[in-house]
Amino acid sequence: MKNVKTTEIKGRPGFTLMEVLVASVIMVVVVIGALTLYSRSNQISVDQQQYAELQHDVRSALYFMTRDIRMVGVGLPPEFGMYAFEGFNNEDQGTEVQPDRLKTMGNMENPLNLRIQNYQGSAVTVTVGDGSFEQFPYPPEFYVNRIVLILPNPSSPCRQGEVRQLTHITWSTGGTNEAFNMSPGLAPGINPPRGLLSNSPCIADDFDDGLIMFVNVKEFWLDTSGKATLDGQALTPGINGYVGEPGILYCTNNGIHFPLAQNIENLQFEYNGDLDDNGILDGFQPWNNTWTDDQINRIRQIRIILVGRTPNRFVTVSGKVPSNIHNYRRPTVSDSPGATTDDYHRRFVLETTVNVRNLSLNLYNTGQR
């Protein structure tokens, strides 16, 4: 008979209550640390994302402004160079920031510059030389509703122009009897620089051998209030492209408002030219309403200064910002004063200088600098 051995069941090893509590505390600390690190990283990512978007907006807006300002005055005779652009310094929109505005004019986008044979001022037909339309590759329907600038003969004493809207063009077989047809009256809502349309009226003969061209009257301006008034006319949100929100930078082209960028805090322009006619550029300065036609004709460079501001505060900024760091307050640019306190919104300031190419040709040809 085999002996039967009995096995004594001993207690298995385990964790004491104290060990479980210590492990739980360590686990909680690790989880809280991981969540804190994630939250901090996420805050930094959000801050940097909105700053990167702001930089993109400012850079792209400056590119479009630079391209258009470089083309200011194209197609205009030198005698009409004083109407190529007009500045407005520190306009009051009822807000703390008073931005500048720049109005420009020229045949910038669609080349067309033809000599007028006959135009009687109030007439709705402008005749041009035979074969004129054949110089440009536009089909007849391209001319419908286009905006044109009509200028008198540069040799005449008249300096009044007209901005009108075409209805259609007419011509005979073989390219004869070519004429522009347009609606009576000036094109509504389009006001060229420096009162081009409000000078002393011309007589009919002044337009003989004058010029007709497609024209772009553009304004670069910043809406700081969301209730903008442009050239004395209150704008309505949703009409002609106007958004009606503060911080939007616009390019208004022939009465249509095109938003270029958002979250823009300030826009300033400065001008450089040989205003005293001594052969030396005088240095950049804000627009001065006392400048004469001759002085404006000698402006050769325009500086653009654009200040962007993040839409939200930087949550990663803690404590007091050092007094010598102005990243978190509105800076002073040109003659526009800055803020005295920090608001913890990050700024991005970009500036560039544009040579007004079409007005610089005479200066370069004479060898003067």
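Bear in mind these aren't lab numbers, they're just calculated from the coordinates by the rules spelled out. None of the values given here were measured: they were computed from a predicted structure. Using ideal geometry, Cβ is built from the backbone for each residue, glycine included, and neighbour counts are taken over all protein chains shown.
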*asked:* Quick check on my filter: what residues within region 217-248 are closer than 26 Å to L76 by Cβ, of a type outside the set (K, R) and surrounded by 19 or more Cβ atoms within 10 Å (Cβ to Cβ)?
replied: V217, E219, F220, W221, L230
*Taking into account only those residues within region 231-256 that are part of a strand (DSSP E or B) and without any contact (Cβ under 8 Å) to a residue 24 or more places away in the chain, which is farthest from G338 (Cα to Cα)?*
I256
